[in-house]
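The values are calculated or read from the model by the stated rules, or taken from the named source; none is laboratory data. Note that this is a predicted model, so its numbers are computed, not measured. As a convention, Cβ positions derive from the backbone with ideal geometry for all residues, glycine included, and neighbour counts pool all protein chains shown.
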Amino acid sequence: MRKTSEAQRNADKRWREKNRWYANYLKNRTSARSFIRNKATLEDLDELQNLIQERKMQLN
(Lines give C-alpha, C1' and ligand atoms only; values in the text may rest on other atoms or scores of the structure.)
Protein backbone atom coordinates (compact mmCIF):
# COMPACT_ATOMS: atom_id res chain seq x y z
CA MET A 1 0.00 0.00 0.00
CA ARG A 2 1.41 3.36 -1.03
CA LYS A 3 1.34 6.33 1.25
CA THR A 4 0.58 9.76 -0.10
CA SER A 5 3.34 12.24 0.62
CA GLU A 6 2.71 15.22 2.84
CA ALA A 7 3.41 17.54 -0.10
CA GLN A 8 0.80 15.78 -2.24
CA ARG A 9 -1.80 15.91 0.53
CA ASN A 10 -1.16 19.64 0.92
CA ALA A 11 -1.41 20.17 -2.83
CA ASP A 12 -4.71 18.25 -2.91
CA LYS A 13 -6.06 20.33 -0.03
CA ARG A 14 -5.07 23.60 -1.73
CA TRP A 15 -6.72 22.48 -4.98
CA ARG A 16 -9.96 21.53 -3.19
CA GLU A 17 -10.04 24.88 -1.38
CA LYS A 18 -9.30 26.82 -4.57
CA ASN A 19 -11.81 24.84 -6.66
CA ARG A 20 -14.52 24.22 -4.09
CA TRP A 21 -17.43 24.61 -6.54
CA TYR A 22 -15.88 22.29 -9.13
CA ALA A 23 -14.87 19.71 -6.50
CA ASN A 24 -18.48 19.63 -5.24
CA TYR A 25 -19.73 19.35 -8.82
CA LEU A 26 -17.50 16.32 -9.43
CA LYS A 27 -18.54 14.71 -6.15
CA ASN A 28 -22.24 15.18 -6.93
CA ARG A 29 -21.84 13.88 -10.48
CA THR A 30 -20.07 10.78 -9.21
CA SER A 31 -22.81 10.18 -6.63
CA ALA A 32 -25.53 10.53 -9.26
CA ARG A 33 -23.84 8.09 -11.62
CA SER A 34 -23.28 5.58 -8.83
CA PHE A 35 -26.92 5.82 -7.76
CA ILE A 36 -28.14 5.24 -11.31
CA ARG A 37 -25.81 2.29 -11.91
CA ASN A 38 -26.19 0.54 -8.57
CA LYS A 39 -29.35 1.43 -6.67
CA ALA A 40 -31.99 3.08 -8.84
CA THR A 41 -35.31 1.31 -9.28
CA LEU A 42 -37.35 1.46 -12.46
CA GLU A 43 -39.50 4.17 -10.87
CA ASP A 44 -36.38 6.16 -9.97
CA LEU A 45 -35.11 5.91 -13.53
CA ASP A 46 -38.46 7.09 -14.94
CA GLU A 47 -38.44 10.11 -12.62
CA LEU A 48 -34.82 10.89 -13.43
CA GLN A 49 -35.53 10.65 -17.14
CA ASN A 50 -38.30 13.26 -16.77
CA LEU A 51 -36.03 15.53 -14.74
CA ILE A 52 -33.27 15.20 -17.33
CA GLN A 53 -35.66 16.13 -20.14
CA GLU A 54 -36.81 19.22 -18.20
CA ARG A 55 -33.23 20.26 -17.50
CA LYS A 56 -32.25 19.86 -21.14
CA MET A 57 -35.12 22.14 -22.14
CA GLN A 58 -33.92 24.74 -19.62
CA LEU A 59 -30.38 24.65 -21.00
CA ASN A 60 -31.42 25.03 -24.66
Inset, instruction - Output the number of the condition that Asp12 fails; it satisfies all remaining conditions of (1) exposed (fewer than 10 other Cβ atoms within 10 Å of the Cβ); (2) in contact with a Ser or Thr (Cβ under 9 Å, 6 or more places away or on another chain). - result: (1)
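Report, by residue number, each residue of the stretch 1-52 that is of a type in the set (A, V, I, L, M) and modelled with pLDDT of 95 or more. Step through it out loud before you land on a result.
Taking the stretch 1-52 and keeping what is of a type in the set (A, V, I, L, M), we get 1, 7, 11, 23, 26, 32, 36, 40, 42, 45, 48, 51-52.
Scanning the stretch 1-52 gives Ala7, Ala11, Ala23, Leu26, Ala32, Ile36, Ala40, Leu42, Leu45, Leu48, Leu51, Ile52.
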